[in-house]
Amino acid sequence: MPALARVAPRVDLSKVSAFAADVLAGLKAEPKTIPAKYFYDTAGSLLFERITQTPEYYPTRTELGILNQHAGSIARFLPEHAALIEFGSGSSTKASILLRAAPQVTAYVPVDISTEVLHHEADLLRREFPKLQVIPVEADFCQPFEVPPPLAPLKRAGFFPGSTIGNFEPHEASTFLRNAGRILGPGAPFIVGVDLVKDRAVLHAAYNDAAGITAKFNLNLLTRINRELGANFNIRCFEHHALFNRERSRIEMHLASIKRQKVRILGDTIEFRAGETIHTENSYKYSLSSFAALARGAGWTVHSPWTDPDKYFAVYALVQRPAATE
Ligand code: SAH
Ligand code: AVI
């Protein structure tokens, strides 16, 4: 992974227009907002990896602990000759744990929008698992994407760790789970990691780490907009805010303007009041029962989840109810 930091950023022009349209629409909206998926250019992905190593960000190490402890039981949900499709694969570290415990899996399909990291991690995985077919797919997992032809004869299993599902609004999470069911097919298992509601102080610290890596991750969005869309955000005039909204059971991340200012972007001028924010991310925290209800409502049978002793995080095995695809 660190080698990637030295690679000059490559911009895919076909994706710039969607990025431009979403950013402009979001900055003209009231309140201002930008979709969280745009955090993940190469620099953003590397910063996310650094967040996972901060002492405050408990979700990654807690989920890794659960996966390491229960890999054998989780692997029993995966069928013979399966293709394991991971939605938002990032560093694929968690997939490695599952793959080591599941020799019956013959293909691994990491799906991610962060293309350089996707291919880099796929190469590393091919070296670790020489017999495994590793077929990376560059795609937005919220849009229909083509499943590579070599997978056609294989049974499918899904993997969605990291509580990335928490970055959706609950109604979007439900739509995502239904669509994933269509991609994976009747009877398919779907292993999903979910961050749970907990003490406000623990949540607050996880998104306000002392080393300021989460702040860098949040502000990198403006650096990306400057570079790819020719905007003139002064990064020093915005600051990272993260707070727990208990009523909505979510961490909200914002970029707050420290003064009244104007920003030029793609021929438009966007005005900011002092203290006005761009809402950049929600990270929903579920209870065991609220997530189970969401998954059941989206057509999945919910098996008893694996958790850590503090009940900070849960890993679910969902199995698709055949009727849900009719
Ligand atoms: N699964 C990994 C990474 C989680 S971080 C883990 O648990 O550690 C979230 C990942 O999802 C990032 O790699 C990001 O690039 C990817 N991602 C976010 N939104 C996405 C989208 N809409 N489509 C595809 N990938 C997305
Ligand atoms: C990827 N996702 C689940 C992370 C989260 O915790 O919501 C992204 C993140 N944002 C700030 N820190 C980490």
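Table for the structure above
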read-out: Stretch gain in nm, segment ASP310-HIS81, where the contour uses 0.36 nm per residue and the Cα spacing is subtracted; value: 78.9 nm
read-out: Alpha-carbon centroids, segment 38-58 and segment 159-179: separation in whole Å; value: 19 Å
read-out: Residue among ASP195, ASP22, ASP268 with the largest mean-square fluctuation in a Gaussian network model of the chain, springs linking Cα atoms under 10 Å; value: ASP268
read-out: 10 Å binning of all Cα-Cα separations within the chain, expressed as whole percents from 0 upward; value: 5, 26, 34, 25, 9, 1
read-out: Under the Debye formula (equal points on every Cα, no solvent term), log10 I(q)/I(0) of segment 61-211 at q = 0.21 Å⁻¹; value: -1.49
read-out: Estimated FRET transfer efficiency when R0 is 30 angstrom, pair THR301-LYS198 (beta carbons, to 0.05); value: 0.70
read-out: Cα pair count fraction exceeding 19 Å, expressed as % - segment 21-150; value: 57 percent
read-out: Relative contact order computed over the chain (Cα-Cα under 8 Å; 6+ residues apart), in percent; value: 20 percent
read-out: By average C-beta atoms within 10 angstrom, highest first, the peptides 201-207, 59-65, 256-262; value: 59-65, 201-207, 256-262
read-out: Rg to Rh quotient for segment 41-109, alpha carbon positions, Kirkwood Rh; value: 1.02
read-out: Inter-label distance, nm, simple model (7 Å from Cα along the C-beta direction), GLU276/ASN68; value: 4.8 nm
read-out: Whole-Å distance, taken between Cα centres, linking segment 15-35 and segment 206-253; value: 15 Å
read-out: Low-density loop cleavage sites - GluC sites (Glu not before Pro) in segment 92-157, where at most 10 other Cβ are within 10 Å (DSSP); value: GLU146
read-out: Efficiency of FRET from Cβ geometry, CYS142 and ALA29, R₀ 25 Å, rounded to 0.05; value: 0.85
read-out: Calculated P(r) of segment 86-137 - Cα pairs past 18 Å, %; value: 17 percent
read-out: log₁₀ of I(q)/I(0) at q = 0.11, 0.20 Å⁻¹ - segment 147-221, Debye sum with one point per alpha carbon; value: -0.46, -0.97
read-out: Burial ordering of ASP308, ASP112, fewest other beta-carbon atoms within 10 Å first; value: ASP308, ASP112
read-out: P(r) histogram, all alpha-carbon pairs of segment 269-326 included - 5 Å bins from 0, percent; value: 4, 15, 18, 14, 11, 9, 7, 7, 8, 7, 1
read-out: Solution diffusion estimate, µm²/s, Stokes-Einstein, segment 224-317, Kirkwood Rh from C-alpha pairs, 4 °C, viscosity 1.567 mPa s; value: 78 µm²/s
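Every number in this text was worked out from the coordinates using simple rules, so none of it is lab data. What you see is a predicted model; the values in this text were computed from it and never measured. Note that each Cβ is placed from the backbone with ideal geometry, even for glycine, and that neighbours are counted across all protein chains shown.
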